[in-house]
1. Using only the Cα atoms of the stretch 53-92, what do you get for the radius of gyration and for Dmax, in Å?
2. Quick one: grab the alpha carbon gyration tensor of the stretch 68-123, order the square roots of its eigenvalues as a ≥ b ≥ c, and give me rounded if a/c is under 1.5, else prolate or oblate depending on whether a/b is larger than b/c.
3. Kindly rank 95-105, 112-122 from highest to lowest mean number of other beta carbons found within 10 Å of each residue.
4. Using only the Cα atoms of the stretch 48-146, build the gyration tensor, take square roots of its eigenvalues as a ≥ b ≥ c, and label the shape rounded, prolate or oblate: rounded if a/c is under 1.5, else prolate if a/b is larger than b/c, else oblate.
5. Using label points projected 7 Å from each Cα along Cα→Cβ, tell me how many nm separate Lys128 and Thr76, to one decimal.
Amino acid sequence: MFRRLPAHLLVTISCLLVASIAAAQQRGPMPDPLVREGVTVKLGDHTYAIPDGNGETVLREVAKVSKNTELYIASTHFHAEHTTGYVAFPASAKYINSTGQEAEFAQAGVQQIQAFSRMSPATAEILKDAAWREADITFDRLSPEA
């Protein structure tokens, strides 16, 4: 049922495992998930993409490109440090989210906030007021079926 591996293959596999563990340890801790300012990209006449997700930074970037008080917020994926950034926005801002992300947050949002908060003191600070906000507008898919 089991085949014995040749000794030289076992040594090679062992060396690769040790090397990969050492490489992972040298990378150090993950960087804090902070949004870089000044990288906002204009997608259309009234649409901008602000990479990453810290809500306070996103709101400062929004102020640079628009004085419009009608705001719409959307996130591209479910990660607590992105999704909960809406707490920095005024209550009048419309939150748009997929039904899938809404379900993911309802199921695992609190646990993910807690897990991400343990990554670093900076991340814990970002997420200290994190809470779920139900989307004002939801969608099931990105484009209508043909």
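1. Cα only, the stretch 53-92: 10.0, 28 Å (Rg, Dmax).
2. On the way: a/c = 2.78, a/b = 1.44, b/c = 1.93.
It comes out oblate by the Cα gyration axes.
3. Result, highest mean Cβ count within 10 Å first: 95-105, 112-122.
4. Cα axes put the stretch 48-146 in the oblate bin.
5. Taking the two extended label points, one gets 2.9 nm.
The numbers here are math on the coordinates, done by the rules we state, and not lab data. Owing to the predicted nature of the structure, the values given are computational and were not obtained by experimental measurement. Note that we place each Cβ from the backbone using ideal geometry, even for glycine, and neighbour counts take in every protein chain shown.
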